[in-house]
Amino acid sequence: MTATTAPRGWSYSLGKISTGGWFLIGIGIPLGGYLVYELFDDPVLFFQTTMKSFGLGSVYAIVALGFVLIFKATQTVNFAQGALAASGALFVSYAVFDGHIPFTTLRNPLIEIEPEWLGWSLSVVMALAFSAMLGLLIERLAIRPMVGQPLFSVAVITLGLEIVLRVFNNDAVEVDFRSLEIPYGTGGFTVGDAIVNWSYIAAMITATVAFVAVYIFYRTRTGIAMRAVAFDQEAAMAQGINVGKVFAIAWAAGAVLAAIGGIFATQPPVKQTGAVEPETANIAFRALPAVILGGLDSATGALVGGLIVGFAEIFAGQYLAGQTDLLGPGYTLIVPYVVMIVALLVRPYGLFGTPEIRRV
Amino acid sequence: MLEVANLEVVYNEVILVLRGLSIEVPDGNIVALLGANGAGKTTTVRSVCGLLDVHEGHVTKGSVNWRGTDIAHHSPAKIVESGITQVMEGRRVFAELTVDENLTTGGYTVKDKAKNQAAYDRVMELFPRLADRRTSTAGYLSGGEQQMLAIGRAMMAEPELLVLDEPSLGLAPKLIEQIRDIIVEINQQGTSVLLIEQNAMMALSIADYGYIMETGKVVMDGDPKKLLADDDVQEFYLGLHAEGAKKSFRDVKHYKRRKRWLS
Ligand SMILES: Nc1ncnc2c1ncn2[C@@H]1O[C@H](COP(=O)(O)OP(=O)(O)O)[C@@H](O)[C@H]1O
Ligand SMILES: [Mg+2]
């Protein structure tokens, strides 16, 4: 008796490659081949599509990072990120379009500052401060009292907040056109024959800055405390770390990232108008597959997941457009979820997620 | 001085775990608290460190006096700031953080940079092994190194009272000796120690005073030498007369009583 276990069937597993792996290879090779063909067929279009993908991927990455910051610290999937994104964009519009300090009739003095782009940027910073305060307020009033309750209940609370905030936002949005007065506009520039929107570049730069900032933050005293809380809440408390304060910081930072995502959600490639609309809040649900794909507790995962989903969505929109009859209109919005599901077959905890979800 | 008086602790409103526990840790002393699994040792630590809430536990009677103030209802952060830190049972190092980052969390309540640096230097002196592994991820350290890190982390808060919950758990005899020596050294540098152990030999060999608890209260206390010489302690905690299966401390007394009655 030598063999104690029967050899697995070839259809189940061959060597070290799992079923999911074979599935990916089966899809990947023809898909890759097709893309190479398209690259040579029309390099300009391919380049344009790539830049657009980076643009969308960066927006998703920023929004995903907001989810991750809050989840990592509090183990809560914040379903209110979308409404927070729209609120953030709305605050910007108050500050730069109405020229008011949000919620008041006071004139926003920052907008007078010359040059124009600087006045705009400072106004955005002020709007983001309002978003941070909104995050703090939510944490204090709705989340902190729920500490110790089942995580599911907390998640449902955030879903309720999403609905309430959306109602407030939509009241403000639907009446008037609310521009964000984007200084670089919604247009673009040309590279050879290819057109690249300024907003793609802005999103890429912002995403890079956001990730570097989070990377550095996680290595500061407060950031280390946050990671400690994420890893073992009780042990962190035993060190004298104030868990409530850590939660508050995570929510403030998460709300700011949502707001930045919301600002980009009004611009190409997400929207062409440069104005807040009710749909601005949908950016969070569109980015959710990126978060889950990357792993809910990984900042790196948010970046990689965001880019993968952004690329998949834009490339599918560009190169599968001929198949709309077959796939149905609006199929591009399904693509992120398809990518997510396929990836989760291979790695159930996301590409960079921690396999074991620890109990609080 | 820490003074736990008549402490009663209940989990989930119904499970009475501490039933009038009283212990004292005079300044500068090492006090050993011994007891079998489930006796309520960790619950005692949680009461002292303000961590009962996390476990749905509540103090229903008695007090935890630290330098004259009842801290039974203080937040863990406030208690750390007031000079008590603990080395948790099972080490509980932050496995995803580096050694240095773990130490940073330990010094979280010390806002003064110079003090922080001094505490860090002292920890590095106490644990040269950690100095070599400062940038390693804590999860990759050996069990002994993790215990050293856990102690070092607690020392970063510059405590006046260090509470250690079964520091010898799961360590090889050689390492236990090392940990014991370090506890003595920390104590000699001026920190009081409440040493919680199942390893009676190790704890009593360095303690100034010892308590033995069972089902939530102290059943015996006194000079460590006296405790070590006690028959029941020897039989149950040191296994010196062990004959077959482990018995509860209470069983031992029972058995003796019966024997007396028979003879
Ligand atoms: N969070 C909790 N909820 C309910 N019962 C608990 C909890 N923690 C400990 N206990 C119970 O309290 C008793 C004492 O536990 P503990 O203080 O951990 O003892 P020790 O540290 O001496 O082993 C045990 O019977 C244990 O089951
Ligand atoms: Mg214990």
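Out of curiosity, is B:Ala118 surrounded by fewer than 20 Cβ atoms within 10 Å (Cβ to Cβ), outside any helix (DSSP H, G or I), more than 16 Å from ligand 1 (Cβ to nearest atom) and free of Cβ contacts under 8 Å to residues at least 60 places away in the same chain? Taking the combined requirement at face value, the residue does not satisfy it.
Does B:Leu97 fit the bill of being within 13 Å of ligand 2 (Cβ to nearest atom) and either crowded, with 19+ Cβ neighbours inside 10 Å or closer than 12 Å to A:Ala238 by Cβ (or both)? The answer is no for B:Leu97. Within segment A:189-205, the set of residues being outside any strand (DSSP E or B) and under 16 Å from A:Thr49 (Cβ atoms) comprises A:Gly192, A:Asp193, A:Ser199, A:Tyr200, A:Ile201, A:Ala203, A:Met204. Which residue out of B:Gln198, B:Gln147 is crowded, with 20+ Cβ neighbours inside 10 Å and either in the same structural domain as B:Ala36 (by TED's automatic domain parsing) or polar (S, T, N, Q) (or both)? After applying the criteria, what remains is B:Gln147. A count restricted to segment A:261-279 and to residues that are crowded, with 20+ Cβ neighbours inside 10 Å and closer than 17 Å to A:Phe168 by Cβ stands at 2. Looking at A:Gln75, A:Gln149, just one residue is closer than 21 Å to A:Ala230 by Cβ and in contact with a helix residue (DSSP H, G or I) (Cβ under 7 Å, 6 or more places away or on another chain), and that residue is A:Gln75.
Checked against (1) surrounded by 18 or more Cβ atoms within 10 Å (Cβ to Cβ); (2) at pLDDT 95 or above; (3) within 14 Å of chain B (Cβ to nearest Cβ), A:Phe217 passes all but condition (1).
Residues in segment B:50-86 that are within 13 Å of ligand 2 (Cβ to nearest atom), touching a strand residue (DSSP E or B) at 6+ places or on another chain (Cβ under 8 Å) and within 15 Å of B:Leu194 (Cβ to Cβ): 1 in all. The set of residues in segment B:34-50 that are crowded, with 16+ Cβ neighbours inside 10 Å and either among the small types (Gly, Ala, Ser) or near ligand 1 (Cβ under 9 Å from one of its atoms) (or both) comprises B:Gly35, B:Ala36, B:Ala39, B:Gly40, B:Lys41, B:Thr42, B:Thr43, B:Thr44, B:Val45, B:Arg46, B:Ser47, B:Gly50. Part of a helix (DSSP H, G or I) and more than 30 Å from A:Val304 (Cα to Cα), is that true of A:Leu35? Considered against the rule, which asks whether it is part of a helix (DSSP H, G or I) and more than 30 Å from A:Val304 (Cα to Cα), A:Leu35 comes out as no. Scanning segment A:307-336 for residues that are surrounded by fewer than 16 Cβ atoms within 10 Å (Cβ to Cβ) and within 16 Å of A:Leu288 (Cβ to Cβ), we see that the one that is modelled with the highest pLDDT is A:Ile334. Mind checking which residues of segment A:147-177 are within 14 Å of chain B (Cβ to nearest Cβ) and of a type outside the set (S, T, N, Q)? The answer is A:Val147, A:Gly148, A:Pro150. Can you pull out every residue in segment A:50-84 that is assigned to a helix (DSSP H, G or I), touching a Phe, Trp or Tyr at 6+ places or on another chain (Cβ under 9 Å) and among the hydrophobic types (A, V, I, L, M, F, W, C)? Selection gives A:Met51, A:Phe54, A:Leu56, A:Val59, A:Ala61, A:Ile62, A:Val63, A:Leu65, A:Leu69, A:Ile70, A:Ala73, A:Ala83. A single member of B:Gly144, B:Gly152, B:Gly139 is touching a Phe, Trp or Tyr at 6+ places or on another chain (Cβ under 8 Å) and within 13 Å of B:Val93 (Cβ to Cβ), and it is B:Gly152. A:Gly192 fulfils the conditions (1) on the phi < 0 side of the Ramachandran plot; (2) in contact (Cβ under 8 Å) with a residue 24 or more places away in the chain; (3) away from every other protein chain (no Cβ under 14 Å) except for a single criterion, (1). Scanning segment A:220-263 for residues that are facing another protein chain (nearest Cβ under 9 Å) and touching a Ser or Thr at 6+ places or on another chain (Cβ under 7 Å) yields a count of 8.
The values are calculated or read from the model by the stated rules, or taken from the named source; none is laboratory data. Quantities reported herein were computed from a predicted structural model and do not represent experimental measurements. Note: ideal-geometry Cβ built from the backbone for every residue, glycine included; neighbour counts use all protein chains shown.
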